[in-house]
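Visitor: Sending over a structure as structure tokens; questions will come in a sec.
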Amino acid sequence: MKKPPCSLWFLLLLGAGSLLLLVRLQDLTQVVLQQTPGVNTFEAPRWTNEKDVVTDFTPAADQTEVQFLSDSLLIEDSVGSKQPVTKQHRKLLLRNLNPSDAPSGAEEDQHLQQQLVDTQVSRRRLLTAVCAKYQPGVTERPVSQRQVSRVYVEDRSRLLYCEVPKAGCSNWKRVLMVLGGSAASTRDIPHDAAHYANRLRRLENHDRAGIAERLRSYTKVLFVREPFERLVSAFRDKFESPNSYYHPVFGRPIISRYRANATRAALRTGAGVTFREFVQYLLDVRRPVGMDIHWEPVGQLCNPCLLRYNFIGKFENLEEEANFLLRSVGAPRNLTFPDFKDRNPQAERTSSRITVRYFSQLNSTERQKAFDFYYMDYLMFNYPKPFKDLH
């Protein structure tokens, strides 16, 4: 039997070696792709089950156009059809951004944004449940101009903002002025200009069709504050500082009704109203002077059950949540929510500690009645009872 020629053995060995080398190179390629930063890899999106779909407020990635439609977030695919954005899809969108454009700590930012999205989902779900229990069928009623009288319109960004005094409304008006083009910077706008020369249009000034269309298609924004803390902030601002309106208009009748042996000077000027006298006025069904927006409950001021806000922010986390909203609606990147306090700047900001100090001037019955007065605000916006003896 003849032995195979040497040339055949050489070819067989060469083929085996080439195969081993090819396998090794493929392994090395996978290692490089996993360990080398800046290498883009494609992962096909997995459209998850219906329970994973995000149907509430969520931010837009810088290179992804998103829009609100019937309060649900939708994204257009390459053929124009629309599919709901899921948590997995949003992660893929953020992951596929150009790494050179991604900020440092992108994963932390994404985690924070997800927390803010989840917070909005939770707040809206709670508000819906409370409204269904206490105001069933309210959304089927027509909206009157009076019910949107505190809502400001910013058409460029398609925003509706309900003004809640003592919950950051001065700075929100500054932001709306910049968004609308009537000011270049929030820091260029004095306090009085923000309130009395802001050129902002209220929703009630539109006709019925304009009101309905904006309520349907614009992002509706509401920022709230712990009710007792908001009340104390309003009292300190309007009655403990010189005020040419609140002292004569509210102070004089309050002192006249609730202070025994009031001095002539107090009756004449209306200065020096105590917190207890102020609360007595607030709880009196026959008040000597009417309600004011600075202490009116948010449930009555902004009608959240009727208007169904897309975004419910809280004063306690004002800057972070406001900036999250601004980025989400496509505001200029150099526009951030201002943090300055230009009214009574020397006075300490009203805090929970200061609030407790003021409410300690009341007895337990007065505190309970005040809590009852703001009960729906506590319930709708998930604020805990501020005192243990409340029920």
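The values are calculated or read from the model by the stated rules, or taken from the named source; none is laboratory data. Since the structure is predicted, the reported quantities are computational estimates derived from the model, not experimental observations. Virtual Cβ from ideal backbone geometry, glycine too; neighbours counted across all protein chains shown. Side chains included, ligands, DNA and RNA excluded: accessible areas come from the protein's heavy atoms. Shrake-Rupley method; radii C 1.70, N 1.55, O 1.52, S 1.80 Å.
Visitor: Show the residues, 5+ positions off or on another chain, whose built amide H is closer than 5 Å to the amide H of residue 314.
Guide: 224
Visitor: Could you work out how far apart the two model spin labels at residue 128 and residue 389 are, taking each label as a point 7 Å from the Cα in the direction of the beta carbon, and quote it in nm?
Guide: Between residue 128 and residue 389, the simple spin-label model gives 4.0 nm.
Visitor: Here is a further query. Are any of the pairs 133/166; 314/341; 341/388; 173/369; 238/314; 314/385 more than 25 Å apart by Cα-Cα distance, and if so, which? Provide the component values of the computation, followed by the final result.
Guide: Numbers: 133/166 28 Å; 314/341 17 Å; 341/388 32 Å; 173/369 33 Å; 238/314 22 Å; 314/385 16 Å.
Violating the 25 Å Cα-Cα cut-off are 133/166; 341/388; 173/369.
Visitor: Subtract the Cα-Cα distance of residue 360 and residue 265 from 0.36 nm times their separation in residues, and report this length gain in nm to one decimal.
Guide: So the extension gain works out to 31.4 nm.
Visitor: Using 10 Å bins from zero, what percent of all Cα-Cα pairs in region 290-391 falls into each bin?
Guide: Taking all Cα pairs of region 290-391, the binned fractions are 11, 32, 37, 16, 3 percent.
Visitor: Also, I was wondering about something else. Label 7 Å along Cα→Cβ of residue 375; region 281-295 residues with amide nitrogen under 19 Å?
Guide: 282-286
Visitor: Separate question: Rounded, prolate or oblate: pick one for region 192-341, where a ≥ b ≥ c are the square roots of the eigenvalues of its C-alpha gyration tensor, a/c under 1.5 means rounded, and failing that, prolate if a/b is larger than b/c, else oblate. Numbers along the way, then the final one.
Guide: On the way: a/c = 2.34, a/b = 1.95, b/c = 1.20.
Prolate shape, in that a/c is at least 1.5 and a/b is the bigger ratio.
Visitor: Order 344-353, 115-124, 252-261 from most to least packed using the mean count of other Cβ atoms within 10 Å. Spell out each step's value before the answer.
Guide: Details: 344-353: 11.5, 115-124: 17.8, 252-261: 15.9.
Descending packing order for the listed peptides: 115-124, 252-261, 344-353.
Visitor: Ignoring everything but the protein chains, give the 1.4 Å probe accessible area of residue 385 in square angstrom, nearest 10.
Guide: 110 Å²
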